[in-house]
1. Among the helices (runs of 4 or more DSSP H) confined wholly to the range 11-114, which include 3 or more residues that are free of Cβ contacts under 8 Å to residues at least 60 places away in the same chain?
2. Restricting to the range 151-166, name every residue that is in contact with a helix residue (DSSP H, G or I) (Cβ under 7 Å, 6 or more places away or on another chain) and at pLDDT below 85.
3. So which residues in the range 228-286 are under 21 Å from V210 (Cα atoms) and among the charged types (D, E, K, R)?
4. How about the range 140-169: which of its residues are assigned to a helix (DSSP H, G or I), of a type in the set (A, V, I, L, M, F, W, C) and over 23 Å from K70 (Cβ atoms)?
5. Looking at (1) crowded, with 20+ Cβ neighbours inside 10 Å; (2) in contact with a strand residue (DSSP E or B) (Cβ under 9 Å, 6 or more places away or on another chain); (3) closer than 27 Å to W262 by Cα, can you tell me which one A82 breaks?
6. What are the residues in the range 220-262 that are surrounded by 15 or more Cβ atoms within 10 Å (Cβ to Cβ), assigned to a helix (DSSP H, G or I) and touching a His at 6+ places or on another chain (Cβ under 8 Å), if any?
7. Please list, ordered by first then second residue, the pairs with beta carbon atoms under 6 Å, 6 or more apart or interchain, first in the range 116-142 and closer than 17 Å to N157 by Cβ and touching a residue at least 40 places away in the same chain (Cβ under 8 Å), second in a loop (DSSP other than H, G, I, E, B) and among the aliphatic types (A, V, I, L, M).
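The values are calculated or read from the model by the stated rules, or taken from the named source; none is laboratory data. These numbers were taken from a predicted model, which means no experiment stands behind them. Positions of Cβ are backbone-derived with ideal geometry, glycine not excepted, and every protein chain shown enters the neighbour counts.
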Amino acid sequence: MFIKKKIFVITGQTATGKTAKALSLVDELNGELINADSRQVYKKLDIVTGKDLNLLSNVKIWLYDIVDPKDQFSSFDYVKRATSCIDEIISRGKTPILVGGSYFYLKHLLYGYDVQVEPNEKLRTELNEVSIDDLQKTLQNENPRVFEKLNQSDRYNPHRLIRKIEITRGENVKRVKASVSGIYDIYNVKMMGFKFKDNKTLESTITDRVKKRVNNGALNEVKTLLDEGYSADHPGLQTIGYQQIIIHMHNVIDFDEMLAQWISKEIQYAKRQLTFMKKDANIFWV
């Protein structure tokens, strides 16, 4: 009888101890960790993203620190890379342990895509030379329904606009089936989810965590990145924390407002995580 290989998934809201739990299972399961955090795939983004560098100093974790902040890394890219990692780990008789709260990554890896337009690097290069105003006009003309659904932040985010144009044009030419249909039915997948017991605990924990990152040098990290030529327009820095700090460094908001905005965005993100994950009946919540 064919016995499915096991895969463990440790997911849940930000700041709930997922990494520590995953590490505690490595020896017990003869496992290897695979990162499932969309912010921690990027190199050099350590303090603001909350990488557990001390916990992970003696442990290999796949798909961690693999992408330059200037480069795009989509869920399509993640699925291809993660699938390869899983195959490699299992081939050596070990157990893959996916850990992270980016449910968009996990959903596509586990359950696949209905339709996926593959990245078009030539088009991206062309559109990167286009102004925000022209990107907006292009999307409005080619797919007004999608443009109207974008929030104000996304309408001024060149990477989001380019991806929407890319998808629109890809779907107009042909609908491309995903390269994978999802791995959930191929393996014996065990999913464990971590969440806060209530919103008060969530808010106090995240507030303390953000303040700790500031005290640990978050602003210096961003300054170093800017000095190295990175900017708020680069994909890696299009994330919570970096955006607020960069705006503060440009003297648009003061320190207290920067801190308040960062905390607020992290809290909103944690709540959205739970909203999406609760729809997944396969997650066992602890």
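1. Details: elements: 18-29, 75-91, 103-111.
Hits in the range 11-114: 18-29, 75-91.
2. The one that is in contact with a helix residue (DSSP H, G or I) (Cβ under 7 Å, 6 or more places away or on another chain) and at pLDDT below 85: D154.
3. Selection gives D254, D256, E257, K265, E266, K271, R272.
4. Correct list: V146, F147.
5. Just one mismatch for A82, condition (3).
6. P235, M258
7. Cβ pairs passing all conditions: none.
Residues are listed down the side, and each one gets a yes or a no for (1) touching a helix residue (DSSP H, G or I) at 6+ places or on another chain (Cβ under 6 Å); (2) not polar (S, T, N, Q):
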| residue | (1), (2) |
| --- | --- |
| Y64 | no, yes |
| D68 | no, yes |
| Q72 | yes, no |
| D77 | no, yes |
| G93 | no, yes |
| L109 | yes, yes |
| E129 | no, yes |
| E148 | no, yes |
